[in-house]
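Chemist: This is the structure I have questions about; it appears just below.
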Amino acid sequence: MTEKSIESDLLFARQPIFDGNNKLYGYELLYRNLHPDVAIFDDGNKATSELMVNYCGGILNDEDAPYVKIFINLTRKLLLSDYFFPLQPSRVVIEIVEDTKVDEKLVNKVKQLIKQGYEFALDDYDFSRDFDPLVPLVKYIKIDLEYISDVTLKDSVQELEQNILKDLPRKPILLAEKVEDKEKYEFCRDLGFELYQGYFLERPQLVYGKKISNSSETALQIVAQMQDPEISVEDLSNSISRDTKLSYQILKIINSPLCRLPKKVNSLKEAVVFLGLDQIKKWAVALVLAGNSKQSTELFRILLTRGRTCELYAISKKYEMPESFFTVGLFSSIDAVMLADKKWLIEKLDLAQEMNDALLKEEGIKGQVLKWVLAVEHVDWSATNEMSTMDRIELFSAHENAINWAHKLCEVI
């Protein structure tokens with residue numbers, strides 16, 4: 001696609017982490033917003049949430065990064081909440097930052113998350129005894145070399161080894177941060193460090209793409225609705241569909257390498273089934289913190305009506321998976337919602353080929369239904385001449401019902 005097809009946003013930075021053989025081990029994700037070289041933010045919770053939304057739900061210009069560990073800082077508040085973020089445990093390393101208050105509540109939460117498969121790192125570890133309760137639990141200890149002399153570093157590492165590490169069944173891996181030259185790299189290697197991060201190896205890589213903001217009001221309503229233990233998959237799917245951008249993000253996330261599902265997911269209903277209510281809840285909270293939609297309600301009303309018409313007609317014809325027809329209608333003008341090139345957006349969703357054909361070429365049964373629904377919207381009756389009288393009646397009825405349905409939904413947006 002051309003550069004004019006989409007305006008690139010600075011999504012985040014990632015700094016590679018290497019092992020002793022200079023092999024890529026992982027990336028630390030770094031928040032970037034106003035400035036490409038530094039993180040500028042007032043609220044750590046919002047920054048972390050926005051970082052995760054941009055990483056998982058944004059549209060990256062470069063999505064070919066290796067599948068390696070992802071290291072990310074987490075505030076105490078998010079760590080202790082039930083919604084800290086919805087990444088798979090096998091992929092993520094949670095960094096506990098140096099100003100985190102360590103108490104029994106935090107230690108118990110870390111133990112609970114370790115049982116779920118999460119791994120932890122102490123970030124910018126300064127050898128303070130305040131973090132002693134966490135040392136036996138973490139897999140990584142990250143030591144910032146910028147403000148510590150070689151002599152102090154050597155003495156502190158040896159003291160840590162003698163006082164704590166020598167008695168542990170599994171010692172944490174030492175990771176050197178801000179390795180700026182070859183001498184510092186070799187010095188840390190001789191001290192027993194196994195992982196390295198810094199300008200000597202590679203500077204942070206800026207990652208550009210397209211940010212996707214959402215309607216926080218809608219996301220909040222979804223969060224509130226999910227407090228109902230009796231909520232059904234269908235009800236939740238209908239709630240998510242009120243926000244086209246949120247719908248797009250959910251499908252993009254579930255079809256991304258992060259979830260590694262054995263099949264493509266083509267509808268919101270399938271997405272809720274695969275991700276589960278807890279995961280959807282976590283994403284909704286992250287999206288609430290991350291941004292707001294500036295698109296008009298009228299545009300969403302049109303897309304909701306179109307999607308619902310496609311779905312109701314598919315139901316009347318007893319087509320398989322009618323909810324996927326809703327997805328086709330909902331995303332048929334995704335370019336107007338995202339303000340980006342349609343082909344590029346649809347390809348980033350990584351849907352099944354028949355969905356792509358319907359959305360981009362109006363081909364296949366889904367594409368044909370979309371074409372008829374658009375004809376009804378535009379009062380182009382000639383485009384429905386090939387339909388039987390009964391089919392046209394069912395299509396017009398579906399459109400009328402969809403208008404009422406969309407109107408009721410938009411009343412709460």
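Chemist: Quick one: if you stick a label point 7 Å off each Cα along the C-beta vector at Gln353 and Val233, how many nm between them?
Modeler: Each label point lies 7 Å from its Cα, and together they span 2.7 nm.
Chemist: Separate question: Which ³J(HN,Hα) values in Hz, rounded to whole numbers, follow from the phi angles of the stretch 311-324 under the Karplus curve 6.51 cos²θ - 1.76 cosθ + 1.60, where θ = phi - 60° and Gly and Pro get x?
Modeler: These are the phi-based 3J(HN,Hα) values: 5, 5, 5, 4, 5, 5, 8, 6, 6, 5, 6, x, 5, 5 Hz.
Chemist: Taking 45 Å as R0, compute the FRET efficiency from the Cβ-Cβ separation of Lys111 and Met321 and round it to 0.05.
Modeler: Working: r = 42 Å, r/R0 = 0.94.
Given R0 = 45 Å and the Cβ-Cβ separation, E is 0.60.
Chemist: Right, something else. In this model, which of Lys142/Lys184; Lys263/Lys343; Lys263/Lys348; Lys115/Lys252; Lys101/Lys142; Lys264/Lys318 are farther than 19 Å apart at the alpha-carbon? Don't skip to the answer; put the middle values down first.
Modeler: Values: Lys142/Lys184 15 Å; Lys263/Lys343 21 Å; Lys263/Lys348 16 Å; Lys115/Lys252 28 Å; Lys101/Lys142 17 Å; Lys264/Lys318 22 Å.
Listed pairs above 19 Å: Lys263/Lys343; Lys115/Lys252; Lys264/Lys318.
Chemist: At 0.36 nm per residue, and after removing the present C-alpha to C-alpha distance, how many nm does the segment from Leu299 to Met387 gain when stretched out fully?
Modeler: Values: separation 88, 0.36 × 88 = 31.68 nm, distance 2.80 nm.
Additional length available on full extension: 28.9 nm.
Chemist: Then there's this: Peptides 98-105, 322-329, 232-239: what's the order by average Cβ count within 10 Å, highest mean first? Each step should come with its number before you reach the end.
Modeler: Values: 98-105: 12.5, 322-329: 25.8, 232-239: 17.4.
With the highest mean Cβ count within 10 Å placed first, the list reads 322-329, 232-239, 98-105.
Chemist: If you take the beta carbon distance between His407 and Tyr147 as r and set R0 to 56 Å, what does 1/(1 + (r/R0)^6) give as a FRET efficiency, to the nearest 0.05?
Modeler: On the way: r = 61 Å, r/R0 = 1.08.
Result of the calculation: an efficiency of 0.40.
Chemist: In the stretch 150-176, which residues have a backbone nitrogen under 16 Å from the label point lying 7 Å from Glu183's Cα in the Cα-to-Cβ direction?
Modeler: 150-154
Chemist: Tell me which residues come under 5 Å, amide H to amide H, from Val93 once H is placed; ignore anything under 5 positions away on its chain.
Modeler: Ile70, Phe71, Ile72
Chemist: What residues qualify as long-range amide H neighbours of Tyr25, i.e. H under 5 Å apart, gap of 5 or more or another chain, H built at 1.01 Å from N?
Modeler: Ile17, Phe18, Asp19
Each reported figure results from applying straightforward, stated rules to the coordinates on display, with no laboratory input. Quick caveat, the model's predicted, so the values are computed rather than measured. Positions of Cβ are generated from backbone atoms using ideal geometry, with glycine treated the same way; all protein chains shown enter the neighbour counts.
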